1. Out of everything in segment 184-204 that is assigned to a helix (DSSP H, G or I) and at pLDDT below 85, what residue ends up being farthest from the chain's Cα centre (by Cα)?
2. Give me the pairs, please: first residue somewhere in segment 21-39 and farther than 16 Å from Leu60 by Cβ, second residue anywhere and at pLDDT 90 or above and among the basic types (Lys, Arg), beta-carbon distance under 8 Å, and either six or more positions apart or on two chains.
3. Could you count how many residues in segment 54-63 are surrounded by 16 or more Cβ atoms within 10 Å (Cβ to Cβ) and over 35 Å from the mean Cα position of the chain (by Cα)?
4. Exactly one condition in (1) small (Gly, Ala, Ser); (2) in a loop (DSSP other than H, G, I, E, B); (3) surrounded by 16 or more Cβ atoms within 10 Å (Cβ to Cβ) is not met by Ser347; state its number.
5. Quick one: Asp46 ticks every box in (1) of a type in the set (Asp, Glu); (2) touching a residue at least 60 places away in the same chain (Cβ under 8 Å); (3) out of contact with any strand residue (DSSP E or B) (no Cβ under 7 Å at 6 or more places or on another chain) bar one, so which box is it?
6. Return the residues of segment 350-382 that are of a type outside the set (Asp, Glu), farther than 21 Å from Val321 by Cβ and assigned to a loop (DSSP other than H, G, I, E, B); say none if nothing qualifies.
7. Taking the conditions exactly as written (part of a helix (DSSP H, G or I), within 28 Å of Ser189 (Cα to Cα) and either under 35 Å from the mean Cα position of the chain (by Cα) or not assigned by TED's automatic domain parsing to the domain that holds Gly233 (or both)), does Ala66 satisfy them or not?
8. Quick one: in segment 424-439, of everything that is exposed (fewer than 14 other Cβ atoms within 10 Å of the Cβ) and not β-branched (Val, Ile, Thr), which residue is modelled with the highest pLDDT?
Amino acid sequence: MRILVVDDELSMREVLDILLTRAGYQVTTASSVERAIDVMTGPGTDLVVSDMKLGQGSGLEVLRAARALPAAPEVILITAYGTPETAVRAMREGAYGYIRKPIDNEELKALVQKALEKHEIVRENVALRSSLAPGTGNFWIGQSPSMRAVWALVEKVAASPRATVLITGESGTGKELVARAIHWKSARSGQPFVPVNCAALAEGVLESELFGHVKGAFTGATSDRAGLMVSAGEGTVLLDEIGDMPLPTQVKLLRVLQERRVKPVGSSAEIPFEARVLAATNKRLDAEVAAGRFRQDLLYRLNVIAVELPALRERPGDVEVLAKFFLAHHAEELGRPQLHFAPATLSILELYGFPGNVRQLQNIVERAATLSDGDRLEPNTLPPALRGEADTQAGSGELTLGTGFSLERHLDSAERRYLLEALRRSEGVKTRAAELLGLTFRSFRYRLAKHGLSEKEEPGS
């Protein structure tokens, strides 16, 4: 990682150079705003550590020049003349952090590490945007009516500059992918996309991450730090697993969304932010409201536009398309471009209910590609449970009912699997498949249409 140190005092430049070089970083120094801009516009700089006072210039000038670059480095400002107002102004203009003289070496190294971690996340987002940019087709895998409706809604939502979006669906359905699609198809696509897992952080840590904190706000707060809502700039913040956010934080988030301003932990000053906020959850928030675990007013504020993702079992015809896409990806990684599915393997995949949805399918395909001895992926490359070899509970009379269970969806999934199995055994001859199921041909055709399978024709028809 490359760090630019900017200070008009030679002794301070040398101290910081030695400190950061010993910490393992590649360090360049500059004594003025002009020299700093020259360095930043050359080979990539990941982080700038600048004094606020630079002779006739200012660290804020360095900050503004850095923020204007296409691949903007993070900026940490240092001063002996700091005031809360100066810190707020610096963070408002995009500084990652703010530290006062005399400098605590360990405090500075910790702040530098966190700033570089954030810079790496932003760089990864840019790389992902290049590989999954609209037009490559990666967003549009699957042609089921339910997914076509989702992507049509994504197109409309992306055009809205600020409207809050609530993305719901079971685990593994691709909620973060939809959030990224909204971001990359919007005018904010050149700015950071910052996902935050609300379930993974304790209440106090989550508030600090989102809203920032000032030095001394709590044990370990050794410097001022801008929260993700501010440091995301004009990008997008995804509040993932919003249903698991603690109630006290929900109260603060509601005010933040209404006022479009954050108050860092331990500060009395408020900072405006420009990022768009998206939220995602696999929970039924209306049920969480009824149970007293989620605020109804926050639900109304988040649910300006709702995007509900269907489970994979509710996307007729998409399993094969997705499986082939994932296989092509893994085949390229393995250097085995000839990998392909045996017809029986695809039939097994189509019959499976995929409780883990698209993520589970992707993992299954990766496993099959890795274990396959030849170019053709046979059924023995699939997990035993998919082949019916490990499902020993089926005849035990024991039923499992979990949160979110839907009898209607379960029965629909079972009916679809029987229809596909009958078509497979009859080699696609519908009259024979109807006989196998004990249905009239008319009833069989109705059920095919119901599940989006009516396009399957008899051989030779």
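1. Taking segment 184-204 and keeping what is assigned to a helix (DSSP H, G or I), we get 184, 203-204.
Retained after the next criterion (residues that are at pLDDT below 85): 203-204.
On the way: Glu203: 21, Gly204: 22 Å.
Only one residue fits best here, namely Gly204.
2. Going by the 8 Å Cβ cut-off, the qualifying pairs are Ala23/Lys109; Tyr25/Arg2; Gln26/Arg2; Val27/Arg2; Thr28/Arg2; Thr29/Arg13; Ser31/Arg13.
3. The number of residues fulfilling the criteria is 3.
4. (2)
5. (3)
6. The one that is of a type outside the set (Asp, Glu), farther than 21 Å from Val321 by Cβ and assigned to a loop (DSSP other than H, G, I, E, B): Gly374.
7. Values: part of a helix (DSSP H, G or I): yes; within 28 Å of Ser189 (Cα to Cα): yes; either under 35 Å from the mean Cα position of the chain (by Cα) or not assigned by TED's automatic domain parsing to the domain that holds Gly233 (or both): yes.
The answer is yes for Ala66.
8. Gly438
The values are calculated or read from the model by the stated rules, or taken from the named source; none is laboratory data. Since this is a predicted model, take the numbers as computed values, not measurements. So basically every Cβ, Gly included, is an ideal-geometry build from the backbone, and we count neighbours across all protein chains shown.
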